[in-house]
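The values are calculated or read from the model by the stated rules, or taken from the named source; none is laboratory data. Source: prediction; values computed, not measured. Quick reminder, even Gly has a Cβ in these numbers, built from the backbone with ideal geometry, and neighbours come from all protein chains shown. Ligands, DNA and RNA are excluded from the accessible area calculation, which covers all protein heavy atoms including side chains. Shrake-Rupley method; radii C 1.70, N 1.55, O 1.52, S 1.80 Å.
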Amino acid sequence: MDFKCLRCIVFFPIHIVYYILKASVYLILPSRRRTLIKEMVLITGGGRGIGRHLAQEFAKQGAKKVILWGRTEKCLKETCEEISQFGTECHYFLCDVANREEVYKQAKVVREKVGDVTILVNNAAVVHGKSLMDSDDDCLLKSQHINTMGQFWTTKAFLPRMLELQHGHVVCINSILSQSPIPGAIDYCTSKASSLAFMESLTLGLLDCPGVGCTTVLPFHTNTEMFQGMRVRFPALFPPLKPETVAERTVDAVRTNTAYVYMPWTMHALVVLKR
């Protein structure tokens, strides 16, 4: 056994204790929040639902510019006008994140017309809410392409510049269903589980990259148009989240560089109990 290997074995338990103590201190002490006044935020699926509230919250917290991506121009335009009322410069572009070529093309347009994106929020998602045998094949593929593969294309489009600038943040609006699936939404649960694995790997890969971080948000059932009609077994115990609450917690997590956010906090227990 060489000296380097022996040193790793000796210091490994010391590192474990150090990081546990460090995490405990951060848990007790209030986190320092960074300013967003120089940040340029791009939000996919930014025209409605959580995406719209995210745009509003970033604007409220002083983001320099907000860019909206989506597939419905009417929604994008309405949200863009709302953000402009906060005094924040806002732009929108039609872009289907499932289309790799379109993502790369629009990313280039954004860089040329608006500037470098420093905070990327992967929020775009779809759900069909059917069992496997009742699901149309094209609908199943659509869920995977938007909810999972879209993150690959957007991150590949904007992360290189963040690394070059040594400044940036990648955010994923995921779901607790990625860790605790339910029947009747097999396309959504599968795509979100893949999305979570993507973010876990990306987060670990960026640990040694100064100035660039990741945040993965895992909310419970959120009261948006996408989940209209969804029934919860214990609504008093697990009430639906408000989209503005999810947006507020997400922006705060970016400002404090928090890697994972479970909403509500009781979801921690749900994941543990499942396992």
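Output the residue which, of all residues in segment 146-155 that are in contact with a Lys or Arg (Cβ under 9 Å, 6 or more places away or on another chain) and surrounded by fewer than 24 Cβ atoms within 10 Å (Cβ to Cβ), is farthest from V103 (Cα to Cα).
T148
If you check every pair at least six apart or on different chains, which have Cβ atoms under 6 Å apart with a residue in segment 37-66 that is open to solvent by 20 Å² or more (accessible area, probe 1.4 Å) first and a residue that is outside any loop (DSSP other than H, G, I, E, B) and of a type in the set (S, T, N, Q) second?
R52/T79
Which residue pairs have Cβ atoms closer than 9 Å, lie 6 or more positions apart in sequence or on different chains, and pair a first residue in segment 132-152 that is more than 18 Å from R71 (Cβ to Cβ) with a second residue that is open to solvent by 20 Å² or more (accessible area, probe 1.4 Å) and among the polar types (S, T, N, Q)?
Here the result reads L140/T190, each pair linking segment 132-152 to a residue that is open to solvent by 20 Å² or more (accessible area, probe 1.4 Å) and among the polar types (S, T, N, Q).
Does A236 meet the test of being open to solvent by less than 30 Å² (accessible area, probe 1.4 Å), over 14 Å from M263 (Cβ atoms) and at pLDDT below 90?
Working: open to solvent by less than 30 Å² (accessible area, probe 1.4 Å): no; over 14 Å from M263 (Cβ atoms): yes; at pLDDT below 90: yes.
Answer is no for this residue.
Among (1) at pLDDT below 95; (2) of a type outside the set (S, T, Y); (3) under 24 Å from T245 (Cβ atoms), there is one condition C90 misses while meeting the rest; what is its number?
Condition not satisfied by C90: (1).
Could you say whether any residue in segment 99-113 is buried (at least 21 other Cβ atoms within 10 Å of the Cβ) and in a loop (DSSP other than H, G, I, E, B)?
Within segment 99-113 (the criterion being buried (at least 21 other Cβ atoms within 10 Å of the Cβ) and in a loop (DSSP other than H, G, I, E, B)), the answer is no, since none of the residues qualifies.
Going through segment 115-125 one residue at a time, which ones are surrounded by fewer than 16 Cβ atoms within 10 Å (Cβ to Cβ) and of a type outside the set (G, A, S)?
D116
So which residues in segment 67-83 are closer than 17 Å to A107 by Cα and surrounded by fewer than 20 Cβ atoms within 10 Å (Cβ to Cβ), if there are any at all?
R71
Just for segment 175-209: of the residues that are of a type in the set (S, T, Y) and assigned to a helix (DSSP H, G or I), which one is surrounded by the most Cβ atoms within 10 Å (Cβ to Cβ)?
Per the criteria, the residue is S191.
Identify the single condition in (1) in contact with a Gly (Cβ under 9 Å, 6 or more places away or on another chain); (2) open to solvent by less than 50 Å² (accessible area, probe 1.4 Å); (3) at negative phi; (4) modelled with pLDDT under 85 that V212 does not satisfy, given that it satisfies every other one.
Failing condition for V212: (4).
Any idea how many residues of segment 121-170 are among the hydroxyl-bearing types (S, T, Y) and within 24 Å of R52 (Cα to Cα)?
4
How many residues are open to solvent by less than 30 Å² (accessible area, probe 1.4 Å) and either out of contact with any Cys (no Cβ under 9 Å at 6 or more places or on another chain) or more than 26 Å from L76 (Cβ to Cβ) (or both) if we restrict to segment 126-143?
So the answer is 2.
Pick from F158, F152: which is assigned to a helix (DSSP H, G or I) and touching a Leu at 6+ places or on another chain (Cβ under 7 Å)?
Sole residue among the options that is assigned to a helix (DSSP H, G or I) and touching a Leu at 6+ places or on another chain (Cβ under 7 Å): F158.
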